[in-house]
Amino acid sequence: MSTSRASQTPSHPTSRRGLGAAGQTAYALIAAATLFLTWLLSRFTIDDSFITWRYGDNLIRHGVWNWNPSATDKVEAYTNPTYAALSIIPPAIGLSAEFFFKLVSLALLVTLVVWIMRLPGLHWAHRAVLLLLTAANPTFHVHLWSGLETPMYVVFLTLVFGSLYVHGGLGRTGYVLALLIALTRPEGIGFAVLAVLWALLIRPSRGRLTGAIAVIGAICAYWAARAAYFGAFFPNTFYIKTVHAGGSDRLGALIRVVLTAGAVAAALLVTAVLLDRWLGRSGLASGTDTAGEGRRGWWARIDRAALTPVVFAVASAGVILVLYRSSNLLMNYVNRFEWQLVLPVVLVALARPVAVRTLARQVPETVAAPVLWPAIALLGTAAVMMTNTGHVKGQVVRALLLLAVVLAVAVAARQRTSLLLLAGLSLVASAGFMTPESLLTMVNYRPRLDDAHGRLAKVLHDSREDHRVLTVGDAGVIPLESGWTTLDVYGLANRAVANGTFNDAYLEEKKPEIIVVTAGRPQKMPPKSHKVKGMALTSAYAQRNGYLFSPGARMRSSYYMQVYARPDIDPQTWAAIQQMAKDSSALNHMGNRDYFEGNLNNFPFLRHWRSGS
């Protein structure tokens, strides 16, 4: 019977022996980079994160679990139940949701760093590479502080599959984290089920079977409960991102990506078999193979835990090719969706020393893993990413080509850990490539959002209007901070858009007081010039019904919020809206560098750290 060597890892990591001046200097530089990036990017919060936070706010303030403060028109606008549940805490204790989730992000960063530092058997340089991929990586910090579920998803995937790879099992905490993965993103359900079943395959036992049943049962119970409450089998975002792709086109795209996923899986299997024969049994067997053990078959003698990176990589490839590539992904900044799977795959693949002869030179054989499986996991992930070259920059393609070369050399060398680490660095850099200008855009994003959306939200919050209903596209900051009932024209938080009933009759029923239209210029535009159907519909409705018009408040170049208001709006509110548009345009007219210099220490989450401030 096969046993997992990973389960026999020593309790004390070997990397602390002989850290030396080089190691101390490297860690000091990484710590300095982490602090700098925290200062630079902790101010970043994406507008969509406020969509989820509104549920907790409405529950505490209005006693309803809904996006709008009403028990009618229930809509599930979030895909991250864990963050939605956590959003109850800040208004309950008097904190702003944004400030609270910065603390959550900090806790996730600390958790991941502690996990890296406690991995057994790694040389200090190996750990330094893992820290460069995470704590000292600008792209990681963009996602870490965004307010979305991305960092939690990355950390939980890494911890769960890392535990399977390093220790050969999950433990009680691992099963809890597996369940949380399913409650952090919808496709996390697949990864959670995969994790508990793979743990059972690594080493079958009654305890692992019980854990798998408990996790899968809890997922089913939650899914049934939420479907009963919201009256829809999937979250509303699913229908917006996938159903509206078009019937025949969507079916054809799905067939293509399924065939592509099958081809990738087949290619990985063939590669594994060929490399198995080429490298010999020493790279695969869990111990010294004998003729008798060889006759027992490949599955009986393999270190199953060591296969975890390949299993995880193939599952991630399937999600990327089948789900992500067939969906209309919104808010995919810095290649977010692909990155949130690529990084955990790389971290898991590099979580064990990849050969007995590693940089540490004296690593117990029970800790070491063969180079073959991590190499195949990284190479397969690179192949999947290269199928998306039409949507990435040329620099990323070149980095991927470099990665393929590095991996080929790493496999040929068999025991050159440094090359595999370099491959991991290259892969993550390719997945989250950013130019300095795009990085600066991220740094300025939240202060600019505060100068535009935040100012409009404050005007609406302070207004004396009785019929507080508005339509808007970017439905994050404005609905949460204004408190108004909001009709989301993009549809993430609007079932009428998902159902195809967002029309003139719907608007006539709701009678919005304010209509906000996103446009490329401040001047009034013909309704047909708007590419988004909801924007065209609402602007036509406003112009046809004699709404007042205010030139757009500027967020950035080619991004303006035109505001229409009903003719009977309170004059003071209307004057405040017009002044807000002038002020935001004056503040946001500057280029990225000038704006950054004028907002070096502008951290909106610190200025608005208390709930309602």
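In terms of the mean number of neighbouring beta-carbon atoms within 10 Å, the peptides 123-133, 457-467 order highest first as 123-133, 457-467.
Protein-only accessible surface at a 1.4 angstrom probe places the residues Thr79, Thr501, Thr173, Thr184 in the order Thr173, Thr501, Thr79, Thr184, largest first. Between Lys533 and Ala575, full extension at 0.36 nm per residue minus the direct alpha carbon distance yields a gain of 12.2 nm.
Accessible surface of Glu509, taken over heavy atoms with a 1.4 Å probe and every protein chain present, rounds to 130 Å². Starting from the Cα gyration tensor of region 468-544, take the square roots of the eigenvalues, sort them a ≥ b ≥ c, and report rounded, prolate or oblate (rounded when a/c is under 1.5, otherwise prolate if a/b is larger than b/c, else oblate). Rounded, because the longest to shortest axis ratio a/c is under 1.5. Near Ile569: Cβ cut-off under 15 Å, other residues only, Lys/Arg at +1 and Asp/Glu at -1. The net charge is -2. Decide, for region 116-222, between rounded, prolate and oblate: order the square roots of the alpha carbon gyration tensor eigenvalues as a ≥ b ≥ c, take rounded if a/c falls under 1.5, and otherwise choose prolate if a/b is larger than b/c, else oblate. It is oblate, given that a/c is not under 1.5 and a/b is not larger than b/c. One-quarter of the Cα convex hull surface for region 459-590, in nm²? Average projection, Cα convex hull of region 459-590: 7.5 nm².
Note on region 147-246: with charges restricted to the Cβ of Lys and Arg (+1) and Asp and Glu (-1), its dipole about the Cα centre is near 240 debye. In order along region 567-581, the Karplus-derived 3J(HN,Hα) couplings, from 6.51 cos²θ - 1.76 cosθ + 1.60 at θ = phi - 60°, round to x, 8, 5, 4, x, 5, 5, 5, 5, 5, 5, 5, 5, 4, 4 Hz, and Gly and Pro are given as x.
Taking a ≥ b ≥ c as the square roots of the eigenvalues of the alpha-carbon gyration tensor, region 444-487 is classed oblate because a/c is 1.5 or more while a/b is no larger than b/c.
Sorted on the mean count of surrounding Cβ atoms within 10 Å across their residues, most packed first, peptides 142-149, 425-432, 83-90 read 142-149, 425-432, 83-90. Applying a threshold of 32 Å to the alpha-carbon distances of Lys102/Lys531; Lys102/Lys458; Lys102/Lys524; Lys74/Lys102; Lys102/Lys528 flags Lys102/Lys531; Lys102/Lys524; Lys102/Lys528 as lying beyond it. The charge dipole of region 56-207, taken about its Cα centre with unit charges on the Cβ atoms of Lys, Arg (+1), Asp and Glu (-1) only, comes to about 560 debye. Note on Leu19 and Leu209: the model spin-label points, each 7 Å out from Cα along the C-beta direction, lie 4.6 nm apart.
In terms of packing, defined here as the mean over residues of other Cβ atoms within 10 angstrom, the peptides 159-172, 51-64 line up highest first as 159-172, 51-64.
The values are calculated or read from the model by the stated rules, or taken from the named source; none is laboratory data. Just so you know, these numbers come straight off a predicted model, no measurement behind them. Note: ideal-geometry Cβ built from the backbone for every residue, glycine included; neighbour counts use all protein chains shown. SASA here: full protein model, heavy atoms, side chains in, ligands and nucleic acids out. Shrake-Rupley method; radii C 1.70, N 1.55, O 1.52, S 1.80 Å.
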